[in-house]
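Reviewing the structure listed below.
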Amino acid sequence: MINFLKESTFIVNVVIRRAWEVTKRNYFSLATLCFLMFITSNASSLMAFFLKDVNKGLSVLMAFFFALLYFTLNLSLLKYILHLLDNEEEDVSIVSTLPTRQQIIRFIVGMLYFMLVIIGVYAVVILVAFPFIYTGIKMSVITNIAISVGIVAIFITWIRISFFPFFIIDKNQPSFGSLKFSLAITRGNFTKILMLLLVLGGFHVLYLFLNYLQWPVIAFFVNILSSFLIVPLSSVALTIAYRMMMGAYKGDENDIIHNIV
């Protein structure tokens, strides 16, 4: 177990170091895409605030438009990073990294599958916990345990299937197939991914902690730093992790179901 943790820590260090090198050399291009995502997200929130009492239909339409634009920029960022990893010497414009209409549709459908899987996992936990109601155990105890186990199960599932956008952009896989491939390549890599997320999520945790302490000015600057440094670095690091897992994966589409469990 100790050797496994040492190996995981080493892999995370390798990913972070390489991600920092790629981010440093291409920071302005990556920051531009992240800035566009930041503007889109905040503009969406601002628009929702102004339109919430005006017209519900227009509010829903604008929310869909901004969500579509955000997804497009997010996929474009992943596609651009994949290009940097494959051939960093060749210049590429941001416009040329825009995903195709088919890829955007597959991503949206994949997000729906993603949410259904998450709901399904929690539903399974509830069904497993239901018979314990008749054992005489207090309902509050059963509820607390079920919620705790459900949250853990959802978190594990979220990590296992969260790499599906890479397969849509990189391998042009269909929506459901990309989720299956994400399950396959993350098998045996959960601890490494978790440690990587803990390192990358440190600034966000610090931001939440500062908000809790009611230090809004410091929290604002930490949020800005996170948005324009940690977000590009995180995107590059996760893309590198995807490439490393794909390089180590020896299965194929025929035996991928056996890699899910």
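The values are calculated or read from the model by the stated rules, or taken from the named source; none is laboratory data. Computed from a predicted structure; not experimentally measured. Here Cβ is always computed from backbone atoms with ideal geometry, including for glycine, and neighbour counts include all displayed protein chains. The area values use the complete protein model at the heavy-atom level, side chains included, leaving out ligands, DNA and RNA. Shrake-Rupley method; radii C 1.70, N 1.55, O 1.52, S 1.80 Å.
The phi-based Karplus calculation (6.51 cos²θ - 1.76 cosθ + 1.60; θ = phi - 60°) puts the 3J(HN,Hα) values of the stretch 194-199 at 4, 5, 5, 5, 5, 5 Hz, whole numbers, x for Gly and Pro. In whole percent, how big is the carbon plus sulfur part of the accessible area of the stretch 100-187, probe 1.4 Å, protein atoms only? Carbon and sulfur: 75 percent of the exposed surface of the stretch 100-187. Using the Karplus relation 6.51 cos²θ - 1.76 cosθ + 1.60 with θ = phi - 60°, the per-residue 3J(HN,Hα) values for the stretch 65-75 come to 5, 5, 5, 5, 5, 5, 4, 4, 5, 5, 5 Hz, with x marking Gly and Pro.
Among 177-190, 143-156, the peptide with the highest mean count of other Cβ atoms within 10 Å heads the list, and the full ranking is 177-190, 143-156. The string of couplings for the stretch 113-118 from the Karplus curve (6.51, -1.76, 1.60, θ = phi - 60°) is 4, 4, 5, 5, 5, 4 Hz, one whole number per residue in order, with x for Gly and Pro. Projecting the Cα positions of Val117, Ala146, Ala184 onto the charge dipole of the stretch 100-187 (unit charges on Cβ atoms of Lys, Arg, Asp and Glu, taken about the Cα centre) puts Ala184 furthest along the positive direction.
Applying 0.36 nm per residue to the separation of Ala248 and His83 and subtracting their alpha-carbon distance, the gain on full extension is 57.4 nm. Full extension of the chain segment joining Tyr212 with Thr143 gains 22.1 nm, where the gain is 0.36 nm per residue of separation less the Cα-Cα distance. Per residue, the stretch 135-178 exposes an accessible area of 51 Å² to a 1.4 Å probe, with every protein chain left in place. Taking packing as the residue-averaged number of other Cβ atoms within 10 angstrom, the listed peptides 218-227, 126-135, 73-82 run from highest to lowest as 73-82, 218-227, 126-135.
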